[in-house]
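Report on one structure; see the data block that follows.
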Amino acid sequence: MGFIDVIYEKAKAHKQRIAVPECTNPSMMRACVKAAVDGIADIIFVGDPEICKKTAKENEIDLRGVKIADVNDPVYQEELVEKYAQLPKKVLGKKSVAKRIVSPLYMALVMEAVGEADCTFGGLDTTTYEFVMAAQGVLGLASGVSAPSGMLMMELDDYQGAQGNIFGMADGAINTEPTSDVLASIAVSCCDTYSALTGNEALCAFLSYSTDGSGNSPSVFRVREGLEKAKALRPDLKIDGEFQADAAIVERVAEKKVKRASKVAGKANVLIYPDAAACNIATKLIQQFAPGHSYGPIYQGFGKPVLDCSRGDTEERIYDNVAFCSVIASGAAR
């Protein structure tokens with residue numbers, strides 16, 4: 001059974017309510033309705049019911065079994081605004097929420113904030129910047145996290161290592177030049193996400209062109225500082241570095257380059273890159289040269305789960321992302 005098949009089974013076993021604000025996009029609608037029919041998630045489309053139904057009819061999409069939350073219902077909007085205002089931890093004030101809740105994206109996020117949805121999913125019609133800003137504004141950040149981040153999950157068909165063939169790689173999506181504090185937040189979030197999705201312990205390596213002090217430059221110093229801050233934030237996690245990529249994932253190389261005991265060196269399954277350029281370049285090269293599958297990026301670090309897909313995603317990838325939403329939300333709830 002492949003990684004995505006395990007995700008499907010987990011999603012079905014702990015089905016969650018996914019709020020989808022882009023309910024006039026035919027591709028998003030088809031994939032989400034299929035996920036609902038297959039028992040992957042309970043789907044709540046958030047928007048104008050008439051437009052949603054019109055789009056469904058034009059594209060021969062059967063909406064039976066899918067709930068629609070009416071973005072034009074003033075009574076429901078007021079109810080949501082009042083519930084949000086009563087939350088012990090909130091980011092926006094009551095007036096700000098009332099002003100923004102006319103947007104399907106903001107309404108979906110408020111629904112999640114007050115417990116009427118378990119995850120918010122979008123991205124086909126919304127830029128990453130818009131989605132991240134809205135999520136951070138409504139949901140805030142998780143405790144101890146200084147910045148949200150995105151992790152790409154990669155399943156490499158032919159890779160045979162001590163850690164298996166499923167890797168988490170971050171952050172090639174949100175933080176272009178992360179500070180040491182942000183690197184620490186990325187690592188902690190990635191470890192939690194990786195464990196929630198795979199059921200395996202995260203073995204997290206901070207990557208650099210340097211291994212254990214073999215290089216000295218501002219970028220290496222920043223990686224080392226981020227590593228120490230991550231270990232201080234979560235001493236329960238297995239986080240180590242700084243490692244060159246081969247020393248992080250290949251036991252034979254780690255034995256030569258890492259002259260000390262390490263529970264991560266040579267066995268890492270979560271890779272923290274020094275900046276977005278390194279991560280983005282590396283993951284795209286892997287996608288081109290190595291047979292396998294990639295999923296995400298999965299956004300993390302928010303007060304509650306969200307997932308923002310790529311605007312170029314196929315319906316198959318959208319369906320997979322709904323399953324990821326369900327599993328991540330289920331893990332957060334537990």
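The values are calculated or read from the model by the stated rules, or taken from the named source; none is laboratory data. The shown structure was predicted, so the numbers you read here are calculated from the model rather than taken from an experiment. Cβ atoms come from the backbone with ideal geometry, glycine included; neighbour counts cover every protein chain shown. Just so you know, the surface numbers come from the protein's heavy atoms only, side chains and all, with ligands and any DNA or RNA stripped out. Shrake-Rupley method; radii C 1.70, N 1.55, O 1.52, S 1.80 Å.
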Please compute the net charge surrounding THR176, taking Lys and Arg as +1 and Asp and Glu as -1 over other residues with Cβ under 14 Å from its Cβ.
-> -2
Which peptide among 246-255, 146-155 comes first, and what is the full order, when sorted by highest mean count of other Cβ atoms within 10 Å?
-> 146-155, 246-255
Please give the net charge around GLN300, taking every other residue with its beta carbon less than 12 angstrom from that of GLN300, where Lys and Arg add +1 and Asp and Glu add -1.
-> -2
On the accessible surface of the chain, probed at 1.4 Å with all protein chains in place, carbon and sulfur together account for a percent value of 52
Determine the distance separating the Cα centre of region 181-204 from the Cα centre of region 116-156; give it in Å without decimals.
-> 15
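Taking only C-alpha pairs under 8 Å that are 6+ residues apart, what is the relative contact order of region 290-334 in percent?
37
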Please turn the phi angles of region 289-302 into ³J(HN,Hα) values with the Karplus equation 6.51 cos²θ - 1.76 cosθ + 1.60 (θ = phi - 60°), one per residue in order, whole Hz, x for glycine and proline.
-> 9, 10, x, x, 9, 10, 9, x, x, 9, 7, 8, x, 7
Counting alpha carbon pairs within less than 8 Å and at least 6 residues apart, what relative contact order, in whole percent, applies to region 117-233?
-> 22
Any idea what the dipole of the chain comes to, in debye rounded to 20, about its Cα centre with Lys/Arg Cβ at +1 and Asp/Glu Cβ at -1?
-> 800
Averaged over all directions, how much area does the convex hull of the C-alpha atoms of region 1-55 cover when projected, in nm²?
-> 3.9
Check region 36-121 and count each lysine pair with an alpha-carbon distance under 18 angstrom, considering only pairs eight or more places apart or from different chains.
-> 7
Ordering 25-31, 289-295 by per-residue average of other C-beta atoms within 10 angstrom, highest first, gives 25-31, 289-295
Taking the DSSP beta bridges in the chain as the whole, what percent of them are antiparallel, to the nearest 5?
-> 35
Name the residue farthest towards the positive end of the dipole of region 58-177 from the options TYR106, LEU156, LEU124, assuming +1 on Cβ of Lys and Arg, -1 on Cβ of Asp and Glu, about the Cα centre.
-> TYR106
Under a 5 Å amide H to amide H cut-off, with H placed in plane at 1.01 Å, what residues pair with SER146 once short-range neighbours are removed?
-> SER185
Could you let me know the centre-to-centre spacing of region 245-312 and region 43-106, using Cα atoms, in angstrom?
-> 36
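If each residue of separation counts as 0.36 nm, what is the full-extension length gain between ASP38 and LYS99 once their alpha-carbon separation is subtracted?
18.3 nm
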Highest average packing first - 178-189, 301-312, 232-243, Cβ atoms within 10 Å | 178-189, 301-312, 232-243
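When you have a sec, figure out the Kirkwood radius of the chain from all distinct Cα pair distances and drop it here in Å to one decimal?
Numbers: mean 1/r = 0.0488 Å⁻¹.
Hydrodynamic radius (Kirkwood, Cα pairs) of the chain is 20.5 Å.
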Sequence-separation-based contact order of the chain, relative, with Cα cut under 8 Å and 6+ spacing, percent | 24
